[in-house]
Amino acid sequence: MEIPPFLFDQPKEVSARIILREDYEGIITRDYGFIIAIVDILDVGPGIIIPGNANTFHEVMFSILSFKPMISEVVEGEVVEIVDFGSFIRLGPLDGLVHVSQICDDYISYEQVGNRFIGKETGKILEVNDQVRAKIIAVSLGTGRSGKLGLTMRQKFLGKTEWIEADINEVYAQENAKTNKPSEEDD
């Protein structure tokens with residue numbers, strides 16, 4: 001890492017943190033995913049001076065906080081934008097796209113006036129600011145500051161909070177129906 005002369009009046013660790021934050025926070029790498037923050041500066045080695053260059057060069061050991069999305073990982077987020085082809089979900093540092101075909105197991109129509117999706121059979125409604133649970137089905141991490149996540153909410157226990165509660169209640173109702181069903185011996 002290079003420390004420029006305008007940071008020479010700072011301790012090496014402070015200068016290193018400033019430079020590393022500028023260079024790494026908010027970028028995406030294939031090895032670490034999305035780098036959210038520089039957590040700690042563990043060690044800053046002695047500086048090397050190269051003739052003709054005003055900066056000093058240091059080996060630095062540091063720790064990071066990162067988010068590396070994986071296929072089939074279940075994530076929670078907030079709907080931040082709805083467009084005719086799907087909805088964008090904020091998952092902390094990244095946004096993921098739930099294509100209209102992946103919102104739920106129903107025919108979904110886009111209502112432009114209300115800027116929302118409505119299920120034809122179920123009446124399920126998805127709007128901006130809704131809290132949702134989704135599963136990652138596609139990961140495309142570029143380098144720099146670009147990355148794309150494909151999400152689905154078609155399976156049970158995924159989607160809007162109310163949809164998940166309804167799925168849970170349905171399972172409980174089925175279990176109760178099984179346990180309260182009279183046996184053939186009672187007849």
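The values are calculated or read from the model by the stated rules, or taken from the named source; none is laboratory data. Since this is a predicted model, take the numbers as computed values, not measurements. Because the Cβ atoms are built from the backbone with ideal geometry, glycine has one as well, and the counts that use them run over all protein chains shown.
Condition (residue is part of a strand (DSSP E or B), closer than 30 Å to Thr161 by Cα and in contact (Cβ under 8 Å) with a residue 40 or more places away in the chain) applied to the range 34-54: is it met by at least one residue? Within the range 34-54, one or more residues are part of a strand (DSSP E or B), closer than 30 Å to Thr161 by Cα and in contact (Cβ under 8 Å) with a residue 40 or more places away in the chain. So in the range 1-14, with the set limited to residues that are surrounded by 13 or more Cβ atoms within 10 Å (Cβ to Cβ) and among the charged types (D, E, K, R), which one is nearest to Val39 (Cα to Cα)? Here the answer is Glu13.
Being in contact (Cβ under 8 Å) with a residue 24 or more places away in the chain and assigned to a loop (DSSP other than H, G, I, E, B) is the requirement here; does Val132 meet it? Full working, then the answer.
Details: in contact (Cβ under 8 Å) with a residue 24 or more places away in the chain: yes; assigned to a loop (DSSP other than H, G, I, E, B): no.
Spelling it out, it is not the case that Val132 is in contact (Cβ under 8 Å) with a residue 24 or more places away in the chain and assigned to a loop (DSSP other than H, G, I, E, B).
Here Ile19, Ile27, Ile41, Ile35 are screened, and the one residue that is over 30 Å from Lys148 (Cβ atoms) and out of contact with any Leu (no Cβ under 7 Å at 6 or more places or on another chain) is Ile41.
No other residue among Leu158, Leu151, Leu141 is closer than 30 Å to Asp31 by Cα, touching a Lys or Arg at 6+ places or on another chain (Cβ under 9 Å) and at pLDDT below 90 apart from Leu141.
Answer yes if at least one residue in the range 166-178 is at pLDDT 90 or above and in contact with a helix residue (DSSP H, G or I) (Cβ under 8 Å, 6 or more places away or on another chain), and no otherwise. No, the range 166-178 contains no residue that is at pLDDT 90 or above and in contact with a helix residue (DSSP H, G or I) (Cβ under 8 Å, 6 or more places away or on another chain).
Restricting the range 15-36 to residues that are crowded, with 18+ Cβ neighbours inside 10 Å and within 19 Å of the chain's Cα centre (by Cα) leaves a set whose member that is farthest from Val98 (Cα to Cα) is Ile35. Considering the range 62-73, and only residues there that are within 20 Å of the chain's Cα centre (by Cα) and surrounded by 12 or more Cβ atoms within 10 Å (Cβ to Cβ), the residue that is farthest from Val132 (Cα to Cα) turns out to be Ile64.
Taking the condition of being surrounded by 17 or more Cβ atoms within 10 Å (Cβ to Cβ), touching a Ser or Thr at 6+ places or on another chain (Cβ under 9 Å) and over 15 Å from Leu7 (Cα atoms), how many residues in the range 37-61 meet it? Going through the range 37-61 one residue at a time, the tally reaches 2. Of all residues in the range 1-23, none that is assigned by TED's automatic domain parsing to the domain that holds Ile48 and at pLDDT 90 or above has its Cβ atom under 6 Å from the Cβ atom of a residue that is of a type in the set (Phe, Trp, Tyr) and part of a helix (DSSP H, G or I), 6 or more apart or on another chain. Checked against the criterion of being buried (at least 17 other Cβ atoms within 10 Å of the Cβ), assigned to a strand (DSSP E or B), assigned by TED's automatic domain parsing to the domain that holds Leu126 and touching a residue at least 60 places away in the same chain (Cβ under 8 Å), the candidates Ile89, Ile82 yield just one match: Ile89.
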